[in-house]
1. Taking neighbour counts of Cβ atoms within 10 Å as a proxy for exposure, in what order, fewest first, do 254, 171 appear?
2. Before rounding to the nearest 500, sum -39500 (n - 2.57) across all DSSP H runs of length at least 4 in the chain and divide by the residue total; then give [θ] at 222 nm in deg cm²/dmol.
3. Using mean Cβ contacts within 10 Å as the protection proxy, how do 93-102, 1-10, 144-153, 49-58 order, highest first?
4. Please sort 116-124, 74-82 by packing, taking for each peptide the average over its residues of neighbouring beta carbons within 10 angstrom, highest first.
5. For the chain, find the longest principal axis of its Cα atoms and tell me its angle to the long axis of helix 243-252, 0 to 90°, nearest 10.
6. In percent, how large is the relative contact order of the chain, given Cα pairs closer than 8 Å and 6 or more residues apart?
7. Using a Debye calculation, one point per C-alpha and no hydration shell, please list log10 I(q)/I(0) for segment 2-156 at q = 0.17 Å⁻¹ in order.
8. In angstroms, what radius of gyration and Dmax does the chain have, counting Cα atoms only?
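Coordinate-derived values only; no laboratory data. All of these numbers come straight from a predicted model, not from anything done at the bench. Cβ placement follows ideal geometry from the backbone for every residue including glycine, while neighbour counts extend to all protein chains displayed.
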C-alpha cells in the first residue's frame, strides 16, 4: 500500500497545476482574463493550490489534521470578510472533492501496479474525511466571524444613533429616533453620559418624538438618562411626548412630575431663548 500511496502522491503532485487551474475555472461566471490576473486571483490560486497540497498529503496519510483546520479557518475568514455566501463556498469545496476523486480514479487506472478496490476505497474515504473536516471548520468559523461583524456594526449604529448635538456653549440636543430595545437603551445611557461630560453640558434637550413605541423599559431608561444627567449637574428637558405616549406613561405608573417637559423641541428651545424658524 505504501508503494501505491507514493505513486498516487507523485501523480497528483505532478498534476497540481492543472487541477488547481481547472478548479478555479469552475467558479460561476469566471473566465480567463486576457489582461492577466489581479492580486485577488493570484491569492485565490495560491489558496487553492495549498488546499490541494494538503489534501494530497492527507490521501496518503502524510497530512496533520491541524493543516486542514488552519486552511479552513483562513478560508472562512477570507470568505466572511468579502461576504461570499456560505452555500457558494461549500459548493466550491464539493466541486474540489469531485475533481480530485475523478483524478484518483484516472490515476488508479493508469498505475503500473493496479490498486485494489480496498485501496481506492481508502483514498476516497480519506478524501471525504478531509473535505468534511474543512467544511465543519469553515462553517463554524464563518459563523463566528459573521456574528463578530454584526455585533461591531450594531454597536457602531447604536453609538451613532444617540448623538448629542451642541447648539451653544454648554447646551446640547439629543434627538432619539427609532425603536429602542434593551441593548440600545443601555448603549444610549452610557453614550449620553460620556458625551455630556465630554461636551461639558449644563443643559440637555431630550426629544423622543421620533420614538414610535414607549413601553415600560423605554420609559424607565429615559427616566434613568434624565436622573443620571441630573447627578452630573445637567438640567434636562424632555420634549416630543405625544398623547399616546403620555397615556402609556400614566398607565405604567412612572412619575415624570419632577421632569421638565415640553410638547415639542421647538417650544422647549424657544422657552430657553432660542429663536426657532420653520423652513
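1. Taking fewest neighbouring Cβ atoms as first place, the list is 254, 171.
2. -22000 deg cm²/dmol
3. Result, highest mean Cβ count within 10 Å first: 49-58, 93-102, 1-10, 144-153.
4. The packing order, highest mean first, is 74-82, 116-124.
5. In the chain, helix 243-252 runs at an angle near 90 degrees to the longest axis.
6. 13
7. Reported log10 I(q)/I(0), two decimals: -1.01.
8. That works out to 31.6, 97 Å for Rg and Dmax.
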